[in-house]
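Q: The structure under discussion is supplied below as structure tokens; questions concerning it will follow.
Any read-out appearing in this document is the output of simple, stated calculations on the displayed coordinates, not a laboratory observation. On a predicted model such as this, the values are computed, not experimentally measured, just so you know. FYI the Cβ positions are ideal-geometry reconstructions off the backbone, even for glycines, and counts take in every protein chain you see.
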Amino acid sequence: MPIPFNDIKAQLASQEQALREAFERVLARGWYLMGPETEAFEQEFAAWVGTRFCVSLNSGTDALILALKALGCEGGEVVLPAFTALPCYHAVLAAGCIPVFAEVDEQSYCLSPQSAARMITEQTRAVIGVHLYGHPCDLDSLEDLCRKRGVAFIEDCAQAHGAVAGGRGAGTVGELAAYSFYPTKNLGALGDAGAICGSHVEADQALRRLRQYGESKRYECVIPGVNSRMDELQAAFLRERLKHMDRTTAERRMLAEIYDEGLAGLPVITPTVAEGCEHVYHLYVIRSQRRDELAAFLAARGIGTGQHYPIPGHKQALFTDGKVPFRADELGLTERMAAQILSLPLFPGLETEQVDEVCTAIREFHQG
Ligand SMILES: Cc1ncc(COP(=O)(O)O)c(C=O)c1O
């Protein structure tokens, strides 16, 4: 039997009835935007993350754009890792800022505080710490750096719902924390959705205006805004899925442990967890000197894999063609990583025997 890289239907199987009831509830109520489901989700998610507020939005990309705008970053530079998901640098551009690419850390694969420090200048308005693959970035060092240099710290929690670093939850440290609920995320909607969490009252108010036409109240607009509302259906689905997060995160960790054991001793680099951190394994990513051959070998056995991410920010044609300005640090590790990373199947609902099968195939590849 083939082993898919991801299977959202399998992930949802145990929640199907509750999701149907959520749909029925919204349909029967006849209230589809900015209603009781959205309000309840915002409260429940803020409580779960541990922040004072949550502003629900249309996507994780919008969450980054509106966070940058709410913190007054437009026109300035924003330091972010070169090794991250493509929407991160598009969000920086869409917010009217210049991306400044910094290096990642060898252990966590998240933004290196030392590299970020080198790239901060008078023009810097914010640093975006992306919690990549579910491993939290070095929250203490980045918070300290941003405070000392007088720039905003934004957390990108799109891949790290529930991760912990040094006893503090991802999403609770930065001025604002951006979340994506894209269907494959650890907390996924059945379509596009996102949110920003934070604790400063002014940011809460600014974000609520920005997400709906810049309105201070109905039909009165005070700032340029957008339409980035989360709809009631997605909020209702997310409320149901949030109830299962502890269980699904535990399942992700259990599957990762089986991979760690099954791949031990092989010539691949498996994920490491920095001291004091709790990884939530949005992705299980190994590094191999023979990545493309290995991916082809696994594909021939019906095993799906992914590459997150094969082209780093500063190597995207958008930047190399000179179409938009950017700055970059020395990015040797980022470039090596892009050529080596391979994401293996890991999702709630994946059988432990299937993980064993993937490990066996990787072992056989190296023996062959
Ligand atoms: C790290 C990171 N940031 C931001 C985003 C953007 O989220 P969305 O797809 O909901 O716009 C994603 C999702 O791909 C992501 O992985």
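Q: Could you check how many percent of all C-alpha pairs in the range 48-100 are farther apart than 15 Å?
A: Values: 649 of 1378 pairs.
Counting pairs separated by more than 15 Å, the tail of P(r) holds 47 percent.
Q: Which whole-number percentage describes the relative contact order of the chain, with Cα contacts under 8 Å and a sequence gap of 6 or more?
A: On the way: 785 pairs, mean separation 86.2, N = 368.
Relative CO of the chain lands at 23 percent.
Q: Bin by bin, in steps of 5 Å, what percent of the Cα pairs in the range 175-218 do you find, going until the bin that has the longest distance?
A: Here the calculated profile for the range 175-218 is 6, 20, 22, 18, 19, 13, 3.
Q: Report ³J(HN,Hα) in whole Hz for each residue of the range 309-324, in order, from the Karplus equation J = 6.51 cos²θ - 1.76 cosθ + 1.60 where θ = phi - 60°; Gly and Pro get x.
A: Running phi through 6.51 cos²θ - 1.76 cosθ + 1.60 with θ = phi - 60° gives 9, x, 10, x, x, 6, 9, 5, 3, 3, 8, 5, 6, x, 6, 9 Hz.
Q: Next question. What are the extents of the Cα atoms of the range 148-295 along their three principal axes, in Å, largest first?
A: Here the spans come out as 63, 42, 31 Å, largest first.
Q: A further question follows. Amide H of A328: which non-local residues (sequence gap of 5 or more, or other chain) have their own amide H closer than 5 Å, using H built in the peptide plane?
A: Long-range HN contacts for A328: F101.
Q: Distance from the Cα centre of the range 155-194 to that of the range 41-110, in angstrom?
A: The range 155-194 and the range 41-110 have Cα centres spaced 10 Å from each other.
Q: Full extension from S199 to R336: what is 0.36 nm times the residue separation minus their Cα-Cα distance, to one decimal in nm?
A: Details: separation 137, 0.36 × 137 = 49.32 nm, distance 3.77 nm.
Gain on extension, S199 to R336, equals 45.6 nm.
Q: Taking θ = phi - 60°, what integer Hz values does the Karplus form 6.51 cos²θ - 1.76 cosθ + 1.60 yield along the range 214-224, in sequence order, with x for Gly and Pro?
A: With coefficients 6.51, -1.76 and 1.60, one gets x, 6, 8, 8, 3, 6, 10, 9, 10, 9, x Hz.
Q: Right, here's the next one. Once the cut-off is 16 Å, how many percent of the Cα-Cα pairs in the range 228-317 end up in the long-distance tail?
A: In whole percent, the share of Cα-Cα pairs in the range 228-317 beyond 16 Å is 70.
Q: Just the projected area, averaged over all directions, of the convex hull on the alpha carbon atoms of the range 245-367: how many nm²?
A: 9.8 nm²
Q: I need the peptides 170-179, 190-199, 92-101 ranked by packing, meaning the mean over residues of other C-beta atoms within 10 angstrom, with the highest value on top. Let's see the in-between values first.
A: On the way: 170-179: 26.8, 190-199: 24.2, 92-101: 21.3.
Put in order of decreasing packing, that is 170-179, 190-199, 92-101.
Q: Starting from the exponent 0.38 and prefactor 2.2 Å, build the expected Rg for the range 8-242 from its residue count and divide its actual Cα Rg by it.
A: On the way: Rg = 17.4 Å, N = 235, 2.2 N^0.38 = 17.5 Å.
The reported ratio for this selection is 0.99.
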